[in-house]
Amino acid sequence: MEVDGGSTSANDRVVRTIHIQPGRAKVLYQFKQQNLPACKPVLSPAWVITTFLLMGVIFIPIGLVTLRTSHGVIEIVDRYDTECMPEEFRGNKVPYIKDKSIPKNCSRFLKVPKFMKAPIYVYYQLDNYYQNHRRYVKSRSDQQLLHGLNNGLPIVPCGLIAWSLFNDTFKFVRERTELVVNRKNIAWKSDRDHKFGKQVYPFNYQNGTLIGGGSLDPRVPLSDQEDLIVWMRTAALPSFRKLYGRIEEDLDAGDVVVVHLMNNYNTYSFGGKKKLVLSTTSWLGGKNDFLGTAYVLIGSSSIIMALVFLLLHVKNPRPYGETAYLSWNLKTISG
């Protein structure tokens, strides 16, 4: 390492004694004049090779631990939008989902592959659903959600996001005993407390001729309508999961969980997919191999780079500080 203490000329010393105040003002002056001591690392071959090796030694074990933790998360994923479609409507799905006179109830059977420790999180997953579309994201009124009717808007909550609220429902049964799904505290506390009003109630919601998704209880304030709050936090990607609730009972390996669901939500008109997900969690959250894979790849790449630099250094050693390799001396060497 080299330490640059800055300029120490006589003129600078005179200026400092005249203009610089003690303490913080002196440090600020030196910072502005770029006179603070600075560390300038010398990237010698030994330093570079050692740095890459350390990165590999640190990153690869972290990645392996992360992958092991992710693989310890048990997930059950079941796509039900096609299986819950009656045979006679599979060639023309949109009229089926729009016709309220046709029953939408469906039953699915999920076998638990491994022991799942409570709490077991229940998600619904939508694919090919672009909640991040600019017009969709902007179609809401945050002021109305927090303070109620304003600006002459006769519908609470208004906008496309609220209008398209997900409305499929799920009930879980194991050995003829219903599994209770806790649907409290599924939304962010900050959203409940600061974005949705405690004195704001749904008004004139889904009362028009064109009905989008689910309905809301007009007697419950928006701050307690957690399904709505979860849905209103729009997803960044076209495939996303949203929390439906938590099962607070353990599931043993081999258990068969019967899911009685209502297939109400229309994803057929735009080619979307609907899936039900049951998942445990770990200290890293849900199942996601990306972080562990990234750590392993970066660590492996660092070790490969260290080996390459080591071979080059052994094959073609270069004396430290050799001025003959400077750009303006290369012509002289070649000549």
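The values are calculated or read from the model by the stated rules, or taken from the named source; none is laboratory data. What you see is a predicted model, and the numbers here were worked out from it, not measured in a lab. Please note: Cβ atoms are built from the backbone with ideal geometry, for glycine as well, and neighbour counts cover all protein chains shown. Ligands, DNA and RNA are stripped out before the accessible areas are found, and what is left, the full protein with its side chains, is counted by its heavy atoms. Shrake-Rupley method; radii C 1.70, N 1.55, O 1.52, S 1.80 Å.
Of everything in the range 88-119 that is among the aliphatic types (A, V, I, L, M) and out of contact with any helix residue (DSSP H, G or I) (no Cβ under 8 Å at 6 or more places or on another chain), the residue that is surrounded by the fewest Cβ atoms within 10 Å (Cβ to Cβ) is 118. Among the strands (runs of 3 or more DSSP E) confined to the range 215-327, the ones with at least 1 residues that are within 25 Å of residue 67 (Cα to Cα) and at pLDDT 95 or above are located at 240-247, 273-279.
Just the residues that are of a type outside the set (A, V, I, L, M, F, W, C) and either more than 20 Å from residue 79 (Cβ to Cβ) or open to solvent by 10 Å² or more (accessible area, probe 1.4 Å) (or both), please, taken from the range 243-264. Those that are of a type outside the set (A, V, I, L, M, F, W, C) and either more than 20 Å from residue 79 (Cβ to Cβ) or open to solvent by 10 Å² or more (accessible area, probe 1.4 Å) (or both): 244, 246, 248, 249, 250, 252, 254, 255, 260, 264.
If we keep just the residues of the range 265-284 that are of a type in the set (Gly, Ala, Ser) and in contact with a helix residue (DSSP H, G or I) (Cβ under 9 Å, 6 or more places away or on another chain), which is least open to solvent (accessible area, probe 1.4 Å)? By that ranking, first place goes to 282. Could you say whether any residue in the range 180-194 is within 22 Å of the chain's Cα centre (by Cα) and of a type in the set (Val, Ile, Thr)? Checked against the condition, which is being within 22 Å of the chain's Cα centre (by Cα) and of a type in the set (Val, Ile, Thr), the range 180-194 yields at least one hit. Residues that are under 16 Å from residue 264 (Cβ atoms) number at least 1 in the following helices (runs of 4 or more DSSP H) confined to the range 93-173: 93-98, 160-163.
Condition check for residue 73 on (1) open to solvent by less than 100 Å² (accessible area, probe 1.4 Å); (2) touching a strand residue (DSSP E or B) at 6+ places or on another chain (Cβ under 8 Å); (3) over 29 Å from residue 298 (Cβ atoms): one failure, at (3).
Of everything listed in (1) closer than 30 Å to residue 212 by Cα; (2) crowded, with 18+ Cβ neighbours inside 10 Å; (3) touching a Ser or Thr at 6+ places or on another chain (Cβ under 8 Å), the single unmet condition for residue 292 is (1).
Scoring residue 213 on the criteria (1) surrounded by 15 or more Cβ atoms within 10 Å (Cβ to Cβ); (2) under 19 Å from the mean Cα position of the chain (by Cα); (3) of a type in the set (Gly, Ala, Ser) leaves a single failure, condition (2).
Condition check ((1) farther than 18 Å from residue 224 by Cα; (2) in contact with a Phe, Trp or Tyr (Cβ under 6 Å, 6 or more places away or on another chain); (3) exposed (fewer than 14 other Cβ atoms within 10 Å of the Cβ)) across all residues:
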residue	(1), (2), (3)
136	yes, no, no
140	yes, no, no
144	no, no, no
158	no, no, no
166	no, yes, no
173	yes, no, no
178	yes, no, yes
182	no, no, yes
190	no, no, yes
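Reported count of residues in the range 18-68, each being of a type in the set (D, E, K, R) and either surrounded by 13 or more Cβ atoms within 10 Å (Cβ to Cβ) or over 41 Å from the mean Cα position of the chain (by Cα) (or both), is 2.
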